[in-house]
1. On the given criteria, is B:Gly362 touching a helix residue (DSSP H, G or I) at 6+ places or on another chain (Cβ under 7 Å) and crowded, with 24+ Cβ neighbours inside 10 Å?
2. Quick check on my filter: what residues within segment A:334-382 are of a type outside the set (Gly, Ala, Ser) and farther than 19 Å from A:Leu118 by Cα?
3. Here are the criteria: (1) at pLDDT below 75; (2) open to solvent by less than 20 Å² (accessible area, probe 1.4 Å). Tell me which single one B:Gly378 does not satisfy.
4. Among the residues of segment B:164-198, how many are at pLDDT below 80, within 14 Å of chain A (Cβ to nearest Cβ) and part of a helix (DSSP H, G or I)?
5. Are there any pairs, at least 6 apart or on different chains, whose C-beta atoms fall under 7 Å, with the first in segment A:20-49 and at the interface with chain B (Cβ under 10 Å from one of its Cβ atoms) and the second outside any helix (DSSP H, G or I) and open to solvent by less than 30 Å² (accessible area, probe 1.4 Å), and if so, which?
6. Under the condition of being buried (at least 23 other Cβ atoms within 10 Å of the Cβ) and farther than 16 Å from B:Thr418 by Cα, which residue from segment B:32-55 is modelled with the lowest pLDDT?
7. Do we have any residue at all in segment B:242-258 that's out of contact with any His (no Cβ under 7 Å at 6 or more places or on another chain) and at pLDDT below 70?
8. Hey, does segment A:264-271 have a residue that's within 11 Å of chain B (Cβ to nearest Cβ), touching a Pro at 6+ places or on another chain (Cβ under 7 Å), on the phi < 0 side of the Ramachandran plot and buried (at least 20 other Cβ atoms within 10 Å of the Cβ)?
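The values are calculated or read from the model by the stated rules, or taken from the named source; none is laboratory data. Everything quoted here is computed from the prediction, not taken from an experiment. All Cβ positions, even for glycine, are placed from backbone atoms using ideal geometry, and neighbour counts span all protein chains on display. These area figures cover heavy atoms from the full protein model, side chains too; ligands, DNA and RNA do not enter into them. Shrake-Rupley method; radii C 1.70, N 1.55, O 1.52, S 1.80 Å.
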Number of protein chains: 2
Amino acid sequence: VLASDAATQTDPGMPVLLALVAILAAAKLGGELFERLGMPPVLGELVGGVILGNFVLIFPTWSFFEPLRIVPILAPWASAIDVLARLGVIILLFEVGLGSTVQGMAKVGASALMVAVLGVVAPFILGFFASWLFIGKLPDELTAAASPSFSLNYIHMFVGAVLCATSVGITARVFKDLGRIQTKEAQIILGAAVIDDVLGLVILAVVSGIVRSAELGQPLQISGILHLIAISILFLGGALAVGSLLLPRLMKQLSRLRTSGVMLVSALAFAFAMSYLASAVGLAAIVGAFAAGLLLEEVHFQGFREKISIHQLISPVSTFLVPIFFVLMGIQVRLETFANPKVVGIAAGLTLAAILGKQICGLAIRDRNINRLSIGIGMIPRGEVGLIFAGIGRTLRVIDDATFSAIVIMVIVTTLSTPPLLKWVLSRRQQLAP
Amino acid sequence: VLASDAATQTDPGMPVLLALVAILAAAKLGGELFERLGMPPVLGELVGGVILGNFVLIFPTWSFFEPLRIVPILAPWASAIDVLARLGVIILLFEVGLGSTVQGMAKVGASALMVAVLGVVAPFILGFFASWLFIGKLPDELTAAASPSFSLNYIHMFVGAVLCATSVGITARVFKDLGRIQTKEAQIILGAAVIDDVLGLVILAVVSGIVRSAELGQPLQISGILHLIAISILFLGGALAVGSLLLPRLMKQLSRLRTSGVMLVSALAFAFAMSYLASAVGLAAIVGAFAAGLLLEEVHFQGFREKISIHQLISPVSTFLVPIFFVLMGIQVRLETFANPKVVGIAAGLTLAAILGKQICGLAIRDRNINRLSIGIGMIPRGEVGLIFAGIGRTLRVIDDATFSAIVIMVIVTTLSTPPLLKWVLSRRQQLAP
């Protein structure tokens, strides 16, 4: 008793260590299994997480991972793991940005924009109708709680917004695992996903604004919405313009520093700063991380002491942090929710709407050399962005527990099904192309 | 308003990003300045942290870092930064362990044990009397709160315990920066610090146990104390014995895995697991991290796909995380406490006791080729262990706010003065030795 008391007091970081060991082991064992089965390791990391998180079904006393599964974070250690996972996503998108160039983005820019716009409009409309069809009536808990001006349409609008955003992480990882991150298809999807995030967040902000105004009984401020829309568009353009002017000079100054690790630390600090800026103007942090990667090119690091590429230098940090995000997503899957038939029905409807909505994206592509199907499939995963949106809806009490569970299932199914589908589509094309 | 609302909701990790950018910038700028002044960069990282944390004195509205300065962590983002700093210390001690070998440890084992025992006994006695002399009477808040069986001696005992533990991080970093981690002096200090931590934690557990028993009016369980003492001694020995038997087989199995990053992830997971085990048996996590590094040798990684040493592979992770710990320690310095003369008096007394107590260590060394003074000075810093001990004393209400501030000042002064003193002693010897 004395020993364990002292340990708890001297080291509040203990559960973090235990969780990290379990998460890293699950990531590597799951990844290895799927690698051997010929599937992308990222899927194995997700499944490893599902097993960790649902241990509790087999061993009801084992509730260790419970704090990680609750959307509003309660335990400090779970919040720390959550932060590590967020840093992992930021570093992943930073790496993806490093692998892309502005020239390459411009080449696919028009296609990416078309894909993104269709990929936001179509799922929003389909999601609205799927919600109308499957959820139907106002949930009991909302009927009591909501203000008189609260309409059922708000729920449908929110579900539509949840279906908009593409979570590019999974797709990027699959393309990276297959060594195809430089292909036109990957570049269109990544470009579209960035625009998608911007458009999705604008829709989210507008829908949230409408819901909040309705709850408060106040009219919606159009100026606020226009402000956000303007900021969203200006952010990437502004970052690229200002960055390409200032960055070469800044990097030249930094390369004069003598302390070790300047190159890695300044690259990470730049990625975090851009992510913070994106958050500060109301966008997703990952948009900033991607922009940071896009801005930083190898050429900027020529004067530095470290004779190693920035990609190689970041790699160990990403090897450590990125799997934490994917295992955490798996941990948050609640297998027991599948027992409720109503949840399964809503989930099936939303999943169908989510998948079909993004397939329309492929139609935006005119170039016959591009694998249309791989673009539609690459846009399917909703991942962390969908989960974040659903969490906000829950906080605003537009989305009840059953709908939330259904959304989580939709996110999981779209995320889990993308890697094998994408791998299949890409390998099929490879066999046809020679 | 709408934009910032949406950002706060979609990304609770925002303050973490801002704090990380500020911390990494302070670390590199402070490190660079001290490097150019010919002082160890780690001191610059501490001073960078002091400036960040005390911005609030110049700009009273700038209270951003306040949550990081409060011992019981309140804000989730501050707790996340705290966890990153803890992971940094674990990785630092893991690296130190990787740089040491069991053979090298055994060679200095007897000296290290002597140094450690003297380095615990002397500061405990000196600390007890410094507390008796400077703190004197029972603080007012305790006179009212404490149970009748609560004696003033408990305060002195607790202060004595706080002075016991050596924080090896700073010293290790200085030796590493000077390329002297392989010298006999460094090995004795590192070995002694590990034993010191064990002895210090045993004393802490015993003193905490006496205080708790007194508060509850229950007799102290001797069996609990003996149990902890036994566990402390068995941990390192057991870890080394079991580890050297099982580790080669485990690593051979792991080297067969095909997924990328297995080497780094398994090394980190092993370090975290050993740190967790050390915590679980009531020791400091860093003792486990050091033992993990001691067990893992390059030879274990021969079969892995990655053709890079484990030291090089861990280096970027440590470059990112280790400075966070040192900047955080600086942030927690409250410059305004120096305004209270009583606090300065207690702090001066404790600092003197802390420094003199460890100088007696040097007397344990008989070998005239060893720089005795560098050992006494290398043992001075109390760092994070002293702060953790003081925090526990505060929780147990043995240590009041004034004494706590004085302890923090003692920790800072011992920590800040060690690198220049150590550098001076080591360079003086270099000039004499030719």
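1. On the way: touching a helix residue (DSSP H, G or I) at 6+ places or on another chain (Cβ under 7 Å): yes; crowded, with 24+ Cβ neighbours inside 10 Å: no.
No, not satisfied.
2. At the first step, the residues of segment A:334-382 found to be of a type outside the set (Gly, Ala, Ser) are A:334-338, A:340-344, A:346, A:350-352, A:355-356, A:358-361, A:363, A:365-373, A:375, A:377, A:379-382.
Correct list: A:Arg334, A:Leu335, A:Glu336, A:Thr337, A:Phe338, A:Asn340, A:Pro341, A:Lys342, A:Val343, A:Val344, A:Ile346, A:Asn369.
3. Tallying (1) at pLDDT below 75; (2) open to solvent by less than 20 Å² (accessible area, probe 1.4 Å), B:Gly378 fails exactly one: (1).
4. Selection size over segment B:164-198: 5.
5. What qualifies is A:Lys28/B:Thr259; A:Gly31/B:Thr259; A:Glu32/B:Thr259; A:Phe34/A:Pro40; A:Glu35/B:Thr259; A:Pro41/B:Thr259.
6. If we filter segment B:32-55 for residues that are buried (at least 23 other Cβ atoms within 10 Å of the Cβ), which is where we start, we get B:40-46, B:48-49, B:52-53.
Okay, now just the ones that are also farther than 16 Å from B:Thr418 by Cα, so B:48-49, B:52-53.
On the way: B:Gly48: 90, B:Gly49: 88, B:Leu52: 89, B:Gly53: 85.
Out of the qualifying residues, it is B:Gly53.
7. Step one: of segment B:242-258, the residues out of contact with any His (no Cβ under 7 Å at 6 or more places or on another chain) are B:242-246, B:249-250, B:252-258.
Right, trim to at pLDDT below 70 and you get none.
No, there is no match, as no residue in segment B:242-258 is out of contact with any His (no Cβ under 7 Å at 6 or more places or on another chain) and at pLDDT below 70.
8. Quick first cut of segment A:264-271, residues within 11 Å of chain B (Cβ to nearest Cβ) only: A:264-271.
Imposing the further condition that a residue be touching a Pro at 6+ places or on another chain (Cβ under 7 Å) reduces the set to A:264.
Remaining after also requiring on the phi < 0 side of the Ramachandran plot: A:264.
Narrowing the set further to residues that are buried (at least 20 other Cβ atoms within 10 Å of the Cβ) leaves A:264.
Yes, some residue in segment A:264-271 is within 11 Å of chain B (Cβ to nearest Cβ), touching a Pro at 6+ places or on another chain (Cβ under 7 Å), on the phi < 0 side of the Ramachandran plot and buried (at least 20 other Cβ atoms within 10 Å of the Cβ).
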